């Protein structure tokens with residue numbers, strides 16, 4: 001086994017084994033400290049479940065990232081970006097752990113997400129331009145717009161993963177598949193140092209997912225969802241791993257989040273109010289078993305990931321995104337409850 005292959009194996013093994021070891025310990029700690037999710041109307045579990053899975057995810061991911069640093073870097077800006085990702089990740093992790101114990105109001109959590117996104121963007125993780133699916137090129141964004149666009153993307157990704165985490169194994173599995181796509185994308189481009197970061201995400205999520213699949217022994221909690229969302233959002237930017245590709249892969253969860261925000265605002269509620277309006281909750285209310293819903297999400301994510309990899313040009317990806325988007329919106333409209341008569 002050559003040195004490069006050895007590093008790849010070590011990065012994956014580090015993330016996987018640390019998550020595999022720490023997750024049961026995190027569950028015990030959660031039970032001792034009261035970081036437990038009680039059965040409620042919006043939740044599917046029948047008994048109190050620990051929700052400190054973010055502890056094992058945070059430690060496993062960044063430990064694996066640390067191992068990946070043994071691979072020689074050619075981009076002088078990559079290390080500042082990783083430092084920014086670590087600091088931002090540490091912030092949302094700490095705030096998330098507090099929320100998992102005390103249940104913070106939405107506003108402090110959103111402020112923490114914005115600050116974390118600012119830290120990551122300030123470190124150099126910026127969406128500077130988007131590809132033009134038609135002939136020609138779009139001009140690079142002005143710095144201020146690139147900064148704001150990046151903040152919107154990173155905060156959006158954190159909330160997408162957070163709100164997707166409503167059924168055992170759902171959010172973790174979708175992140176695992178998206179991470180696999182990012183790994184394949186960067187590895188095929190010969191961007192080994194970036195592929196290693198995606199591999200660190202893969203290993204840590206897989207080690208955790210073994211305890212999170214139905215019936216879950218532990219939840220990732222706000223800490224885990226925010227760390228995974230921030231990491232996935234940042235990795236989809238670094239090194240040209242297209243944001244458009246990530247949009248295609250995660251189109252259903254992203255559209256679900258956008259739809260729920262619109263519906264809540266229309267109803268005069270806070271966009272961050274908890275309810276059973278998300279697609280996975282609607283399917284549950286129709287009697288679809290949890291496992292079927294989870295595997296359906298997995299299958300759709302894999303399908304869209306395959307499309308993102310094999311479609312030859314941006315125009316085909318744009319067409320796919322439009323078709324998927326319209327289909328998803330039609331499904332969400334169909335499953336949404338009728339508006340109350342005034």
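Read the figures in this text as sums done on the coordinates, not as results from a lab. Note that the structure is a prediction, hence the values are computed from the model and not measured. Glycine also receives a Cβ, built like all others from the backbone with ideal geometry; neighbour counts cover every protein chain displayed.
In a GNM of the chain with a 10 Å cut-off on Cα contacts, which of 260, 290, 47 has the highest mean-square fluctuation? Ranking 260, 290, 47 by mean-square fluctuation puts 47 first. Of the residues 147, 208, 183, the one that moves most in a GNM of the chain with alpha-carbon contacts below 10 Å is 147.
Based on C-alpha pairs under 8 angstrom that are at least 6 apart in sequence, region 3-335 has a relative contact order of 24 percent. Normalising the average separation of contacting C-alpha pairs (under 8 angstrom, six or more residues apart) by the number of residues puts the relative contact order of region 64-207 at 24 percent.
Per-peptide packing, taken as the mean over residues of other Cβ atoms within 10 Å, places 156-167, 216-227, 247-258 in the sequence 216-227, 156-167, 247-258 from highest down. The calculated 222 nm mean residue ellipticity attributable to helices in the chain amounts to -23500 deg cm²/dmol, summing -39500 (n - 2.57) over DSSP H runs of n ≥ 4 and dividing by all residues. Take 62-70, 4-12 and order them by the average number of nearby Cβ atoms within 10 Å per residue, most first; the result is 62-70, 4-12.
With contacts taken as Cα pairs under 8 Å at a separation of at least 6 residues, region 150-212 carries a relative contact order of 32 percent.
Volume per residue of the convex hull around the Cα atoms, evaluated for the chain, comes out as 142 Å³. In angstrom, the C-alpha Rg and Dmax of region 1-128 are 17.5, 53. Here the peptides 192-201, 23-32 are ranked by packing, the mean other Cβ count within 10 Å, and the order with the highest first is 192-201, 23-32.
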